[in-house]
Amino acid sequence: MKVNIWIKKEDVLSGNITEYYTQVKNLGYEDYVQVSVTTDELAQLEDSNKLKITYPEFVEKHYTKVPKDTDSDDWLVAQYNRNREQKDWVTSKKDIPYIYERNPDTGAVYRRHSGDKHENRERVSMGVAERDYSGEKGLDQLKKEMLTKTGAEFLPWFNKLTKHEQTTLSTFYND
């Protein structure tokens with residue numbers, strides 16, 4: 001979680017930050033700069049009652065620069081880590097478990113290890129939305145299967161059908 005604090009502009013420009021606020025005072029919001037810190041950092045600030053760090057040190061400590069070279073391993077690692085908890089971060093490109101790719105023409109999803117050739121990828125199923133519907137049952141087959149189900153077996157059987165099969169069966173009995 002991040003917490004926003006406000007620091008006077010003149011302190012930022014001088015590099016000597018002496019006080020901070022958790023809310024903008026009525027002294028004029030134009031005179032303050034907003035900075036985001038973690039809750040742990042805010043607790044340290046509260047304990048010390050003074051911010052004993054210069055602005056350049058603050059930026060260097062709390063903000064990491066992402067390399068502009070998008071082919072570098074550092075950039076890929078930073079992208080992988082950016083939306084994960086710190087306990088799940090990786091330190092090198094080799095530690096990244098898989099890269100997932102979607103074919104825009106077919107919608108198929110593939111995965112491969114970072115650095116592997118395109119030919120070494122494997123197709124993965126991404127859940128119900130990616131289910132292969134090529135083996136759908138027709139209305140006659142659905143009616144035959146339904147006749148063999150007891151009342152207790154019907155609902156679990158019906159829920160395992162594809163949406164198209166459910167719609168086909170429902171449409172037949174609703175007409």
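The values are calculated or read from the model by the stated rules, or taken from the named source; none is laboratory data. Being a predicted model, the structure only gives us computed values, none of them experimental. Note: ideal-geometry Cβ built from the backbone for every residue, glycine included; neighbour counts use all protein chains shown.
Go through region 72-123 and give me each residue that's aliphatic (A, V, I, L, M) and under 19 Å from the mean Cα position of the chain (by Cα).
Those that are aliphatic (A, V, I, L, M) and under 19 Å from the mean Cα position of the chain (by Cα): Leu76, Val77, Ala78, Val90, Ile96, Ile99, Val109.
Anything in region 106-120 that is modelled with pLDDT of 80 or more and either among the basic types (Lys, Arg) or touching a strand residue (DSSP E or B) at 6+ places or on another chain (Cβ under 8 Å) (or both)? List them, or say none.
Ala108, Val109, Tyr110, Arg111, Arg112, listed by residue number.
Is region 85-94 home to any residue that is outside any helix (DSSP H, G or I) and either over 30 Å from Asp116 (Cα atoms) or at pLDDT below 75 (or both)?
Looking through region 85-94, none of the residues is outside any helix (DSSP H, G or I) and either over 30 Å from Asp116 (Cα atoms) or at pLDDT below 75 (or both).
Can you tell me which residue within region 137-168, out of those that are surrounded by 10 or more Cβ atoms within 10 Å (Cβ to Cβ) and over 40 Å from the mean Cα position of the chain (by Cα), is modelled with the lowest pLDDT?
Going through the qualifying residues, I end up with Leu139.
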